[in-house]
1. Considering (1) more than 16 Å from residue 93 (Cβ to Cβ); (2) under 41 Å from the mean Cα position of the chain (by Cα), say which one residue 127 fails and leave the rest.
2. Please work out which one of (1) more than 17 Å from residue 8 (Cβ to Cβ); (2) at pLDDT 80 or above; (3) over 23 Å from the mean Cα position of the chain (by Cα) is the condition residue 84 fails and give its number.
3. Take the stretch 91-122 and flag every residue that is modelled with pLDDT of 80 or more and touching a helix residue (DSSP H, G or I) at 6+ places or on another chain (Cβ under 7 Å).
4. Could you list, ordered by first residue, the pairs with Cβ atoms under 7 Å in which the first is in the stretch 1-22 and under 14 Å from residue 50 (Cα atoms) and the second is at pLDDT 85 or above and in a loop (DSSP other than H, G, I, E, B), at least 6 apart or interchain?
5. List the number of the failed condition for residue 9; all other conditions in (1) out of contact with any helix residue (DSSP H, G or I) (no Cβ under 8 Å at 6 or more places or on another chain); (2) within 30 Å of residue 137 (Cα to Cα); (3) modelled with pLDDT of 80 or more hold.
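The values are calculated or read from the model by the stated rules, or taken from the named source; none is laboratory data. None of these values were measured; they are calculated from a predicted model. Glycine gets a Cβ as well: all are built from the backbone with ideal geometry, and neighbour counts include every protein chain shown.
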């Protein structure tokens, strides 16, 4: 129904209620009358009787739903940022393999490194970079070993479950 159809006069609404009481409305017309009565604030004795028969209480008009702003869960955001940083670091390590071979000092790359707020010399910077890369490689190796270990454990559990029904 359109909203302009709800603007009935009390007389028209009383006539519809009388037709309902006489049983001269179809099922569809009764549903439409119920809809109108639910949203109408008009009252009269016959309207009150029909509302009581239909068990209708005055309902407020539906309001538009308010969209809630969703706040970011910073725990996940920082986890994602850390993951991206690790992926970027590892991809740079494999994209620039000459950094790991800088220990001979003959490369044309310039490395600047700081430790405790003090700038390291070129050789110290190269050593610090190599050490950081070695630590990253060790971390990656440990992670892959742990993953392999968990896969083996999962396969053992699956095999035990299949063998002992």
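1. Unmet condition: (2).
2. Of the numbered conditions (1) more than 17 Å from residue 8 (Cβ to Cβ); (2) at pLDDT 80 or above; (3) over 23 Å from the mean Cα position of the chain (by Cα), the odd one out for residue 84 is (3).
3. Matches in the stretch 91-122: 120 only.
4. So the pair list comes out as 10/44; 14/44; 19/25.
5. Failing condition for residue 9: (2).
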